[in-house]
Amino acid sequence: MWVLGWCLHSPVAAAYDCYQPSPTAESLEEEYRNNDKSLVIDKNEEALQFLKQLKGQWTGTGEEISCKGSDNNPQKLHKQMQVEADVEESSIVLFKARLEKVFPAERVSRSETLGLINIESLYGLSANGRHIEANQREFASNGPNAGVRYLEYMITIDAPNDDELYVEWSLFTNGVYVFTQKLNLTRN
């Protein structure tokens, strides 16, 4: 096993409750929003090279889990989707994909660009074979004159072979769980 940094929590086994505090925030307490201690990694590191082999067209299924409602009455919404993904190389993120998602139950489609494992805001990264777990944290603007929020991503990428890809990421906003996206893809 090769470890670039330490992960505070394994996203693979993650099943979070709505508005649950981030395990990272609970463990780091006052240091949670200290962005001075991000990892410095070389994206050309040998253990990360399999990510470059994922470039290309993929299709499959996925699920989005989002939280809605008040703190006292949160609800988890599950949406199943069909996915087409174009995985690309990027200079800033280790995993970039353009997604076309179709939600059959809602009869809605949506495009999204997914950029995971940002080398400029990475706080934990471990690689074991073709399996990566990462912790990414960053400030994001709510818009002009609207303040900022603190985002944390718990990311898992698993590519057991060149034709299978599993991606899961969970989002914590201002230290609480709000969203998960899971992708189960096969190469075209």
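Side notes on the structure shown:
- Residue list for the range 114-124, restricted to those being in a strand (DSSP E or B) and aliphatic (A, V, I, L, M): 114, 116, 117, 122
Residue-by-condition table, conditions (1) outside any strand (DSSP E or B); (2) without any contact (Cβ under 8 Å) to a residue 24 or more places away in the chain; (3) open to solvent by 30 Å² or more (accessible area, probe 1.4 Å):
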{"site": "58", "(1), (2), (3)": "no, no, no"}
{"site": "65", "(1), (2), (3)": "no, no, no"}
{"site": "73", "(1), (2), (3)": "yes, yes, yes"}
{"site": "82", "(1), (2), (3)": "no, yes, yes"}
{"site": "95", "(1), (2), (3)": "no, no, no"}
{"site": "105", "(1), (2), (3)": "yes, no, yes"}
{"site": "109", "(1), (2), (3)": "no, yes, yes"}
{"site": "112", "(1), (2), (3)": "no, yes, yes"}
{"site": "137", "(1), (2), (3)": "no, no, no"}
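- Meets criteria (farther than 22 Å from residue 58 by Cα and not hydrophobic (A, V, I, L, M, F, W, C)) for residue 166: no
- From 127, 47, residue being surrounded by 13 or more Cβ atoms within 10 Å (Cβ to Cβ), outside any strand (DSSP E or B), among the hydrophobic types (A, V, I, L, M, F, W, C) and at pLDDT below 95: 47
- Condition broken by residue 152, with the remaining ones in (1) of a type in the set (Asp, Glu); (2) open to solvent by less than 40 Å² (accessible area, probe 1.4 Å); (3) at pLDDT below 95 satisfied: (3)
- Residue list for the range 139-173, restricted to those being in contact (Cβ under 8 Å) with a residue 60 or more places away in the chain and under 11 Å from the mean Cα position of the chain (by Cα): 152, 154, 155, 156, 157, 167, 168, 169, 170, 172
- Residues that are open to solvent by less than 40 Å² (accessible area, probe 1.4 Å) and of a type in the set (Phe, Trp, Tyr) were ranked within the range 155-178; the one that is nearest to residue 127 (Cα to Cα) is 169.
- Positions within the range 139-188 being of a type outside the set (Asp, Glu) and in a loop (DSSP other than H, G, I, E, B), in sequence order: 142, 143, 144, 145, 146, 147, 174, 175, 188
The values are calculated or read from the model by the stated rules, or taken from the named source; none is laboratory data. Predicted model only: the values in this text are computed from it and were never measured. Here Cβ is always computed from backbone atoms with ideal geometry, including for glycine, and neighbour counts include all displayed protein chains. Keep in mind that these areas ignore ligands, DNA and RNA; they rest on the heavy atoms of the full protein, side chains included. Shrake-Rupley method; radii C 1.70, N 1.55, O 1.52, S 1.80 Å.
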